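Below is one structure, written out as structure tokens; comments come after it.
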Amino acid sequence: MTHGATGSAGPGPTGQAPHGYPGRSGDQREADIGRLLLSCRDSHGIIAAVSAFLADAGANIISLDQHSTAPEDGTFVQRAIFHLPGLPAAIDELRERFGATVAQRFAMDYRFTEATKPKRVAIMASKTDHCLLDLLWRNRRGELEMTVAMVISNHPELAEQVRPFGVPFFHIPATRDIRAEAEQRQLQLLCGNVDLVVLARYMQIITSDFIEAVGCPLINIHHSFLPAFIGAAPYQRARERGVKLIGATAHYVTEVLDEGPIIEQDVVRVDHTHSVTDLVRLGADVERAVLSRAVQWHCQDRVVRVGGETIVF
């Protein structure tokens with residue numbers, strides 16, 4: 001452990017089982033459920049080719065969703081859930097054969113995953129705890145299809161709150177002056193060890209070098225006052241302007257600050273009777289719900305990035 005780190009032990013309504021997801025009881029039939037997510041330029045015969053490939057491989061398609069962004073020359077995206085006996089042993093060969101035949105023919109981006117193999121997730125946070133603790137609580141209840149590998153924070157205050165969840169907590173100080181050093185220490189923990197990084201109110205700039213090096217997607221959550229009320233005390237400034245909606249946005253992290261492809265958003269109405277404290281509380285509620293949905297949908301392989309936007313099945 002590096003110096004300064006401490007260790008300790010389409011969405012439907014939140015809480016509903018995703019369509020086609022087998023559950024977590026460990027039954028062998030459930031272990032044989034796979035997912036295929038793909039995107040490519042739309043052309044004739046894609047659905048037929050994918051379906052024929054899975055059928056020839058001995059797979060039974062359970063669910064099939066697709067969308068094209070335009071009637072002609074659009075981008076085609078598809079999510080298939082299938083059952084294939086012996087999938088864990090066969091998935092590598094399945095992936096290679098699909099790549100050499102169907103994917104090569106249509107110039108596809110694609111990925112095969114096992115539905116019962118949870119994503120390995122790291123959560124990064126600062127001092128604000130509501131999003132971090134909500135994700136840990138939901139995950140402990142089995143509501144999120146992920147394994148929390150670690151929590152990384154640039155402040156030590158949340159260590160005791162994370163400890164009861166049995167998740168390793170790493171304190172790595174990070175400021176503008178030592179950002180490069182901090183990111184290198186973070187990358188030592190993350191690279192090759194996680195499939196997703198969640199910024200649960202991590203109040204530091206993420207550099208383009210970090211995004212390129214980490215080797216997995218990052219999801220961020222913030223209030224939806226941007227770009228009108230940026231910087232410190234956005235709720236105070238929003239109250240002074242008489243806002244009528246409090247919202248939150250979860251998006252993928254890109255090199256352009258807070259402008260990555262949006263995964264999920266939500267709002268609640270407010271009025272003149274709400275104080276700044278009320279707005280902060282309602283905003284935290286929305287942030288928790290929006291972030292948990294975005295993380296869940298990513299972990300269920302429901303999200304396809306198409307340029308600067310997303311398609312969520």
- Consider only pairs whose beta carbons are under 6 Å apart and that are at least six residues apart or on different chains; among these, list those whose first residue lies in segment 177-188 and is open to solvent by less than 60 Å² (accessible area, probe 1.4 Å) and whose second residue is in a helix (DSSP H, G or I). GLU183/PHE210; LEU187/ALA213
- Task: Kindly check whether there is at least one residue in segment 81-88 that is at pLDDT 95 or above, small (Gly, Ala, Ser) and crowded, with 18+ Cβ neighbours inside 10 Å.
- Result: no
- Note on the structure: Considering segment 170-208, residues that are touching a helix residue (DSSP H, G or I) at 6+ places or on another chain (Cβ under 7 Å) and in a helix (DSSP H, G or I), and then whichever is farthest from THR147 (Cα to Cα), we arrive at GLU183
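Rundown of residues vs (1) surrounded by fewer than 17 Cβ atoms within 10 Å (Cβ to Cβ); (2) over 22 Å from MET203 (Cα atoms), yes/no style:
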{"site": "ALA238", "(1), (2)": "no, no"}
{"site": "GLY247", "(1), (2)": "no, no"}
{"site": "GLN265", "(1), (2)": "yes, no"}
{"site": "LEU282", "(1), (2)": "no, no"}
{"site": "TRP297", "(1), (2)": "no, yes"}
{"site": "VAL303", "(1), (2)": "no, yes"}
{"site": "GLY307", "(1), (2)": "yes, yes"}
- Taking segment 91-111 and keeping residues farther than 15 Å from ILE46 by Cβ and charged (D, E, K, R) leaves ASP92, GLU93, ARG95, GLU96, ARG97, ARG111
- Single residue of segment 113-132 satisfying the filter (in a helix (DSSP H, G or I) and touching a helix residue (DSSP H, G or I) at 6+ places or on another chain (Cβ under 6 Å)) that is surrounded by the most Cβ atoms within 10 Å (Cβ to Cβ): CYS131
- Message: Give me the residue from segment 64-96 that is of a type in the set (Gly, Ala, Ser) and in a strand (DSSP E or B) and, out of that set, farthest from the chain's Cα centre (by Cα).
- Response: SER68
- Message: Can you tell me which of (1) crowded, with 17+ Cβ neighbours inside 10 Å; (2) out of contact with any Pro (no Cβ under 7 Å at 6 or more places or on another chain) is the one PHE225 doesn't meet?
- Response: (2)
- Task: With the checklist (1) surrounded by fewer than 17 Cβ atoms within 10 Å (Cβ to Cβ); (2) under 15 Å from the mean Cα position of the chain (by Cα); (3) closer than 17 Å to LEU135 by Cβ in hand, flag the one item GLY215 doesn't pass.
- Result: (3)
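The values are calculated or read from the model by the stated rules, or taken from the named source; none is laboratory data. Worth saying up front: this structure is predicted, and the values here are computed from it rather than measured. Reconstructed Cβ throughout: ideal geometry from the backbone, glycine too, with neighbour counts over all protein chains shown. The area values use the complete protein model at the heavy-atom level, side chains included, leaving out ligands, DNA and RNA. Shrake-Rupley method; radii C 1.70, N 1.55, O 1.52, S 1.80 Å.
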